[in-house]
1. Considering every Cα-Cα pair within region 50-179, what fraction, in whole percent, is farther apart than 27 Å?
2. When the helix-only estimate is applied to the chain (DSSP H runs of n ≥ 4, each -39,500 (n - 2.57), divided by the residue count), what is the mean residue ellipticity at 222 nm, nearest 500 deg cm²/dmol?
3. Which angle from 0 to 90°, rounded to the nearest 10, does the C-alpha axis of helix 39-57 make with the longest principal axis of the chain?
4. With just the Cα atoms defining each centre, how far is region 117-176 from region 8-80? Give it in Å.
């Protein structure tokens, strides 16, 4: 049985698109980048820690497979996590304004017998945002709990000038890479 180690409704929605039944594990894994840890290494580590913690929760379930994922927005080597509040979100959006940043999503799939991982790296170019643009977006509340302070699948998409890479990866779960991992563990044909 497949288990998603995430409370994210967006990840659940994306995983459901693959047509597999799955359970959801409610975990609270700390997401803290090490002082000398590269951004990409951090994203991979957190995805693996989520899957590992999930596997510990379902270790008694025969043939359990756990999927963990992490998505981070990165500009100039700096990780933009989830904003603490609207002021923090506004500061992030001002930094991303007129810039091209990376979105890295790592996916880890663990079972008692296997550990697999894939990474999707996307480039997202944001148009220049005015203070009014930022304030209107903050008023939607979509920024809450979103890496970089935005949700590409919402109203912010109107401010994305260019996307190179995985749209579903920017949303939080790159479907092509995820499907590939699930094929390797025999859950997808």
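All of the numbers you see were taken from the coordinates with simple rules; none came from a lab. This structure is a prediction, so every number in the text was calculated from the model and none was measured.
1. 26 percent
2. -10000 deg cm²/dmol
3. 40 degrees
4. Result: 19 Å between the Cα centres.
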